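Q: Shown below is the structure under consideration.
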Amino acid sequence: MEILKLTLKSSKIDETRDFYHEKLGFKINYLNANMLSLQVGKTDLVFEKELDNCKANYHFAFLLPKNKLDEALIWLESKISVIKNESGAIVQFPNWNASSVYFHDNNGNILEFICRNDMDNDSTYNFSTESILSINEVGLAHESPLFLANSLISEIGTEYFSKGPVSEEFVALGDECGMFVISGLNRNWFPTNQLAQNHPINVSVKEKGIEYKLDF
């Protein structure tokens, strides 16, 4: 599955522009008082103005070349603070053969740099914003993750992620090129103490060559 476009809500369009464009260096596709569109590799990342004080805590992940996480961490720490635990900033996921670094944006969203070691995407270039390949994961929150997952399987023909998990509280759906990670409402988004919450999300994906627009 390929994530073509991700649209989220923000009450702070100006601050969001400063974070993503000025600090991280993403190219602006379009900007006005009510919308910010950024180019994230192959994905269009859009923030739409929320008139109320939006307190959404979205979670999504950026895909990096598999050999660039250490370099990306140094790059990121020169710009913002990253989330650390007892083992440091880099989190290993042996079951997925993946490694990640987590951080917050100006809205309080939980962002992730992820490298998937089973993908053939090494890079010989120095790490920069241009190294980021796409948005690779989109977090969804639902009272019944399995119900939502099965609905998406029926609607767009995707499948459970082959490396799991599939449980009543957490489901991964899609493949290493792009996936939905679906959390129950009683879980925190890893590695924070922020509860997964259901907020408006629009996602355009390509699955088996067909494009779908999804509203959550």
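Q: Determine the relative contact order of the range 26-76: mean sequence separation of Cα pairs under 8 Å and six or more apart, normalised by residue count, in whole percent.
A: For the range 26-76, the relative contact order is 20 percent.
Q: Next question. If the elastic network links every pair of Cα atoms under 10 Å, which of I28, I182, I110 fluctuates the most in the Gaussian network model of the chain?
A: Of I28, I182, I110, the Gaussian network model singles out I28 as fluctuating most.
Q: Need the C-alpha centroid separation for the range 49-102 versus the range 9-48, integer Å.
A: What the calculation gives is 18 Å, centre to centre.
Q: Something else about it: Among L51, L64, L195, determine the one that fluctuates most according to a GNM of the chain built with springs between C-alpha atoms less than 10 Å apart.
A: Result: L51 has the largest fluctuation of those listed.
Q: Within the range 106-150, name every residue whose backbone N is under 17 Å away from a label modeled 7 Å from Cα of K206 along the Cβ vector.
A: It comes to 133-137, nothing else.
Q: Please give the peptides 160-171, 35-46, 10-21 ranked by average Cβ packing (other Cβ atoms within 10 Å per residue), highest first, as a rough proxy for protection.
A: Packing proxy ranking, top to bottom: 35-46, 10-21, 160-171.
Q: Can I ask one more? Which one of H21, Q39, Q92 is farthest out on the positive end of the charge dipole of the range 21-150, using unit charges on Cβ (Lys, Arg +1; Asp, Glu -1) and the Cα centre as origin?
A: Result: H21.
Q: Also: For a label point 7 angstrom out from the Cα of T124 toward its Cβ, which stretches of the range 29-68 have the backbone nitrogen within less than 17 Å?
A: Residues 65-68 qualify, since their backbone N sits under 17 Å from the label point.
Q: For labels at R187 and Q39 in the simple 7 Å Cα→Cβ model, what's the distance in nm?
A: 3.5
Q: Would you kindly derive the ³J(HN,Hα) couplings of the range 157-163 from the backbone phi angles with the Karplus curve 6.51 cos²θ - 1.76 cosθ + 1.60 (θ = phi - 60°), listing them in order in whole Hz, with x for Gly and Pro?
A: x, 6, 9, 4, 4, 4, 9
Q: Which pairs, out of K9/K206; K23/K49; K5/K84; K42/K68; K66/K213; K68/K163, put more than 24 Å between their alpha-carbon atoms?
A: On the way: K9/K206 22 Å; K23/K49 20 Å; K5/K84 29 Å; K42/K68 18 Å; K66/K213 29 Å; K68/K163 22 Å.
Violating the 24 Å Cα-Cα cut-off are K5/K84; K66/K213.
Q: With contacts defined as alpha carbon pairs under 8 Å and 6 or more residues apart, what's the relative contact order of the chain in percent?
A: 24
Q: Here is a follow-up. If you take every DSSP beta bridge fully contained in the chain, what fraction is antiparallel? Give it as a percent rounded to 5.
A: 75
Q: Follow-up. Pick from A149, A141, A33: which is most flexible by mean-square fluctuation in a GNM of the chain where alpha carbon atoms under 10 Å apart are linked?
A: Among A149, A141, A33, the largest GNM mean-square fluctuation belongs to A33.
Q: Something else now. Calculate the spin-label point distance for E48 paired with E77, positioning each point 7 Å from the Cα along the beta-carbon direction, and give it in nanometres.
A: That separation, rounded to one decimal, is 3.9 nm.
Quick note: the coordinates plus some simple rules give every number you see, no bench work behind them. In this text, all values refer to a predicted model and were calculated from it rather than measured experimentally. All Cβ positions, glycine included, derive from the backbone under ideal geometry; neighbour counts span all protein chains shown.
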